[in-house]
Structure formats: structure tokens, C-alpha cells
Amino acid sequence: MAELQLADIIKPENKVYGKSKIMTDTPLHYCYGCSHGVVHKLIAEVIEELDIQEETVGVAPVGCSVMMYNYIDIDWMEAAHGRAPAVATGYKRVNPKKYVFSYQGDGDLAAIGTAETMHAVNRGENIVMIFINNATYGMTGGQMAPTTMVGQVTSTSPYGRNVDINGYPLRITELLAMLPGAAYVTRQSVHTPANVRKCKKAIRKAFENSAKNIGTSFIEVVSTCNSGWKIDPVAANQWMEENMFPFYPLGDLKDGERDSFEQFSVQKLKK
Amino acid sequence: MAKVRGAVVVDQECCKGCNLCVVACPENVLGLHKEVNSKGYHYSHMVSPENCIGCMNCGMVCPDSCITVYRVKVPVEQD
């Protein structure tokens with residue numbers, strides 16, 4: 001049998017994987033090897049699979065992903081720094097049939113937007129929250145963030161993060177998993193093909209939860225910022241695996257629906 | 001018994017040469033090109049196309065969605 005030529009394989013009917021139709025043709029402005037691109041792609045793929053392009057609204061954060069509306073062809077809103085869950089709450093309450101998701105980084109969600117994040121999850125809003133944790137402020141040049149690891153060198157902690165001065169890294173996903181309003185809280189990563197598949201499954205589940213009206217779905221994606229960490233993408237993935245995964249273990253922290261709290265509801269006060 | 005053959009098409013202008021697809025490939029098919037694209041990145045390309053099995057790992061990890069994967073099943077004639 002004659003050897004198969006490349007031209008015989010590269011035909012539209014043989015295509016098994018390609019760019020999602022929901023992604024626009026604009027090239028991503030992110031640095032090479034940035035995890036943002038993978039997560040954008042997964043969100044676009046999930047929206048395409050669920051066929052909810054017309055019903056989905058994204059809330060973009062402040063940070064590297066501020067121009068996310070250029071890349072995914074759905075409706076978008078831009079929120080002030082840290083306020084994406086609050087904006088998403090408003091949109092979801094006015095349009096309960098829409099799929100609303102917020103997309104934030106660690107400086108946005110875990111630092112300036114902690115109050116909005118905690119209260120949106122505590123209220124059990126039916127939104128999807130996607131949290132990109134790269135342990136640094138990537139956009140502004142790799143400064144120390146609340147999620148920066150102990151001993152990690154950043155541009156504002158040149159001798160490494162010191163717990164006596166800077167405190168401890170914040171595991172916000174564990175905090176949110178304790179709140180009664182959360183339906184699905186998980187921590188994922190996108191550094192290997194297997195993890196990318198798992199993360200896509202988690203995002204899909206979160207969007208499906210959004211339609212079922214069972215509470216907030218929160219996905220943390222442990223990511224790399226090779227420009228902020230000042231190493232190359234492959235080394236960044238390795239560093240993340242060795243140093244971040246012991247502190248930020250991957251897996252589901254809560255999977256169910258928001259608590260009813262019937263046992264704690266009290267009688268009306270008699271006057 | 002059927003053999004699987006794959007092929008990868010990289011959008012060379014979109015590729016930023018991050019090397020993640022090269023590391024993710026189980027058959028060492030991909031590599032970075034000696035030449036650069038218009039932005040100055042060493043883009044990814046197939047070094048040994050005959051080994052590709054179309055497993056989609058490279059496409060999965062590509063942050064810039066610039067990889068398209070094709071796959072065919074080749075029936076093996078038994079002697």
C-alpha cells in the first residue's frame with residue numbers, strides 16, 4: 001500500500017481539533033505560553049458545545065484579560081477593578097435566563113474584590129466565576145499578590161515573600177467552599193493535556209449549574225505567568241507543579257447545590 | 001487492526017513559539033522552526049510528520065488556538 005501523504009490527511013472531513021468558532025480571528029495579546037489563552041479557548045469550546053452563544057454574557061475584569069471581549073464572540077461587560085461578581089449579579093437578576101460568568105485574576109478577585117467575591121458566593125448567585133490564580137500581578141509587572149507563595153521572589157518582594165512582613169498566601173477557594181451559597185467549587189489547572197480536559201469538564205459543569213439555579217459555581221485555575229515570574233513557559237509549568245500544587249491542591253472542594261439552611265430559619269419575632 | 005495517522009497544521013503567523021506543544025507531544029513530532037515569523041517568533045512545525053498519531057495534545061495546550069489536528073484511520077493489510 002502506498003504511503004499516506006500529508007495532503008491526504010489534511011482534509012476537512014478528517015479534522016478532529018481546531019479553533020472554536022466562538023473565538024474571533026483577533027490574535028491574543030497575551031505573552032507567549034500564557035494560561036489565559038487556554039482558559040479562553042475552553043470557555044469558547046464549552047459555549048459552542050452547549051450552543052448558548054446568544055444567551056451568554058461575560059463580565060471582564062481589570063488585569064491582563066481586560067480585553068477579553070476582543071477574543072470571544074459573545075456579549076460582554078466590563079467591570080471596575082474587583083467588581084465583576086457584583087456586575088454579574090446585577091445582570092443575572094435582571095435577566096435570569098442568561099448564562100452569566102465573571103472572569104478574574106488573583107489581584108482582582110482575591111485582593112481588591114474580596115468583598116464582592118465573598119458576598120456574591122454567600123448570596124448564592126447563579127453565576128459562574130472563573131478565577132485565574134497565577135500568584136502574581138501579571139499585568140503591572142509581576143508584583144506580589146495575596147496568592148504569592150511564601151519565599152517567592154517578585155518585583156515587590158525581591159528577597160522572597162516573608163510571612164512576618166507580608167502575611168500568608170490566601171487560599172480563597174477553600175474560604176468560598178465553606179460558604180452556604182456555593183454549589184460547585186473546584187480547583188483546576190491547564191498545564192498538561194489531561195488537566196486541560198478536566199478543566200473543560202469543570203467549566204461545562206459550571207455553566208450547566210448556572211441553568212439549574214442551584215447556586216454559585218466557582219472554578220479556580222492555577223496558572224502560570226512566565227513574564228511575571230521571568231522564566232520560560234515550560235519551566236513555569238514545572239515550577240507551578242513543584243511549588244504551587246502542594247499549597248493549592250487540585251480537585252473538587254464542593255459539589256452539590258447551595259444549602260437550604262432550613263434548620264436555622266427562625267420564627268418571627270412577636271411584638 | 002487499524003493504524004492511526006495524524007497531521008498537525010500550525011498557523012505560523014499566530015504561533016508565539018512558547019514550546020508547550022513540543023513538550024506535550026508524546027511522539028516528539030513537533031519542534032520549533034529555525035526561521036521566525038513576521039513577529040520574530042520561532043514558530044512550531046512538524047519535524048517528523050510520519051510519527052504523528054493525531055492525539056490532539058498539542059492543540060489542547062496551545063494558548064493561542066493556532067493548532068488544527070487531522071486524523072485518519074489507515075487499515076493495515078494482513079499478510
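Any residue that is hydroxyl-bearing (Ser, Thr, Tyr) and free of Cβ contacts under 8 Å to residues at least 60 places away in the same chain - is there at least one of those in the stretch A:102-110?
Within the stretch A:102-110 (the criterion being hydroxyl-bearing (Ser, Thr, Tyr) and free of Cβ contacts under 8 Å to residues at least 60 places away in the same chain), the answer is yes, since at least one residue qualifies.
So, in the stretch A:164-222, how many residues would count as being closer than 17 Å to A:Ala115 by Cα, open to solvent by less than 30 Å² (accessible area, probe 1.4 Å) and in a helix (DSSP H, G or I)?
The number of residues fulfilling the criteria is 4.
So which residues in the stretch B:16-41 are more than 9 Å from chain A (Cβ to nearest Cβ), out of contact with any Leu (no Cβ under 8 Å at 6 or more places or on another chain) and hydrophobic (A, V, I, L, M, F, W, C), if there are any at all?
The answer is B:Cys25, B:Val29, B:Leu30, B:Leu32, B:Val36.
Would you point out which residue out of A:Ala86, A:Ala115 is under 23 Å from A:Ala202 (Cα atoms) and part of a helix (DSSP H, G or I)?
A:Ala86
Kindly provide the set of residues from the stretch A:1-19 that are polar (S, T, N, Q) and within 7 Å of chain B (Cβ to nearest Cβ), ordered by number.
Residue satisfying the conditions is A:Asn14 alone.
Taking the stated definitions as given, is B:Tyr43 at pLDDT 90 or above, out of contact with any Asp or Glu (no Cβ under 6 Å at 6 or more places or on another chain) and within 24 Å of A:Asn70 (Cα to Cα)?
yes
Could you count how many residues in the stretch A:205-239 are touching a Leu at 6+ places or on another chain (Cβ under 6 Å) and under 30 Å from B:Asn19 (Cβ atoms)?
Of the residues in that region, 1 qualify.
Among (1) over 26 Å from A:Pro169 (Cα atoms); (2) touching a residue at least 60 places away in the same chain (Cβ under 8 Å); (3) touching a Lys or Arg at 6+ places or on another chain (Cβ under 9 Å), which single condition is A:Ile47 missing?
Just one mismatch for A:Ile47, condition (3).
Among residues belonging to the stretch B:26-41 that are open to solvent by less than 20 Å² (accessible area, probe 1.4 Å) and not aliphatic (A, V, I, L, M), point out the one that is farthest from A:Pro193 (Cα to Cα).
B:Asn37
Filter the stretch A:9-30 down to the residues that are out of contact with any helix residue (DSSP H, G or I) (no Cβ under 7 Å at 6 or more places or on another chain) and of a type in the set (A, V, I, L, M), then identify the one that is least open to solvent (accessible area, probe 1.4 Å).
A:Ile9
Output yes when any residue across the stretch A:251-268 is within 14 Å of another protein chain (Cβ to nearest Cβ) and either under 29 Å from A:Ile47 (Cβ atoms) or aliphatic (A, V, I, L, M) (or both), and no when none is.
no
Run down A:Val234, A:Val190, A:Val185 and say which single residue is away from chain B (no Cβ under 14 Å) and of a type in the set (Val, Ile, Thr).
Exactly one of A:Val234, A:Val190, A:Val185 is away from chain B (no Cβ under 14 Å) and of a type in the set (Val, Ile, Thr), namely A:Val185.
Which condition breaks for A:Ser102 when tested against (1) more than 15 Å from the chain's Cα centre (by Cα); (2) not in a loop (DSSP other than H, G, I, E, B)?
Going through the list (1) more than 15 Å from the chain's Cα centre (by Cα); (2) not in a loop (DSSP other than H, G, I, E, B), A:Ser102 breaks only (1).
Take the stretch A:31-55 and flag every residue that is surrounded by fewer than 24 Cβ atoms within 10 Å (Cβ to Cβ) and more than 14 Å from the chain's Cα centre (by Cα).
A:Cys31, A:Tyr32, A:Glu45, A:Glu48, A:Glu49, A:Leu50, A:Asp51, A:Ile52, A:Gln53, A:Glu54, A:Glu55
Taking the residues in the stretch A:11-62 that are among the hydroxyl-bearing types (Ser, Thr, Tyr) and in contact with a strand residue (DSSP E or B) (Cβ under 6 Å, 6 or more places away or on another chain) as candidates, determine which candidate is farthest from A:Asp73 (Cα to Cα).
Selected residue: A:Tyr17.
Please determine, by comparing only the residues of the stretch B:42-79 that are open to solvent by 80 Å² or more (accessible area, probe 1.4 Å) and either at positive phi or within 7 Å of another protein chain (Cβ to nearest Cβ) (or both), which one is nearest to the chain's Cα centre (by Cα).
Residue satisfying both the conditions and the ranking: B:Arg71.
The values are calculated or read from the model by the stated rules, or taken from the named source; none is laboratory data. As the structure is a prediction and not an experimental result, all values here were calculated from the model. Here Cβ is always computed from backbone atoms with ideal geometry, including for glycine, and neighbour counts include all displayed protein chains. For the accessible areas, the whole protein counts, side chains as well, though only heavy atoms, and no ligand, DNA or RNA atoms are used. Shrake-Rupley method; radii C 1.70, N 1.55, O 1.52, S 1.80 Å.
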